[in-house]
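The values are calculated or read from the model by the stated rules, or taken from the named source; none is laboratory data. Remember, it's a predicted structure, so these values are computed and weren't measured experimentally. Please note: Cβ atoms are built from the backbone with ideal geometry, for glycine as well, and neighbour counts cover all protein chains shown.
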Amino acid sequence: MNDYHEEYRAQSSAFEMRRQLAEAIDAGERALNSLQAADEKLSSAKRWGVFDILGGGFIASMVKRSKMEDAAADIRRAGAALEAFQRELLDVHLSSVPDLDCDGFLSFADLFMDGFAADMVVQYKLSKVSNELKETMEQVASILQALRERYRHQA
């Protein structure tokens, strides 16, 4: 009878870990999708920023600003998705998780309240946030790969 209980407990534990891994993978995919959406909006804002620097005028400035506001909204969503992903990673006891810090993204999102002094400064900040976003996307993709591998071996 004890062997049966031990076997049942082991199967139940394995099933629970697999479920937790699936939830972490799902949260990671949502975070990665959010980061990619933010990256697309940010890339568009950067292109409009170049056009604005080259003399695009008032309309280029307005479109750039609109794209930047869209990117800021996506960055806020990505920050929330990253926080959810981090919580799920704790559930699967992943100890080698890098700190997925989204504070830089969120400070970028708040930047619009301050206004901009010069187009070159804006372009620099767009590039800086874009690089940070790409690094975070690489980290999330790497963690997702490890989670998927662990999920496959859990069966």
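Considering every residue within region 79-92, establish whether at least one is at pLDDT below 85, aromatic (Phe, Trp, Tyr) and touching a helix residue (DSSP H, G or I) at 6+ places or on another chain (Cβ under 9 Å).
no
When both residues are 6+ apart or on different chains and their Cβ atoms are under 6 Å apart, which pairs have a first residue that lies in region 39-52 and is assigned to a helix (DSSP H, G or I), and a second that is of a type in the set (Ser, Thr, Tyr)?
LEU42/SER130; ASP52/SER61
Among (1) within 25 Å of SER130 (Cα to Cα); (2) surrounded by 15 or more Cβ atoms within 10 Å (Cβ to Cβ); (3) modelled with pLDDT of 80 or more, there is one condition PHE105 misses while meeting the rest; what is its number?
For PHE105, the exception is condition (3).
Within region 29-60, count every residue that is touching a Leu at 6+ places or on another chain (Cβ under 6 Å) and among the basic types (Lys, Arg).
Number of matching residues: 1.
Tell me which of these LYS64 doesn't satisfy, since it passes every other one: (1) in contact with a Ser or Thr (Cβ under 7 Å, 6 or more places away or on another chain); (2) modelled with pLDDT under 85; (3) charged (D, E, K, R).
Exception for LYS64: condition (1).
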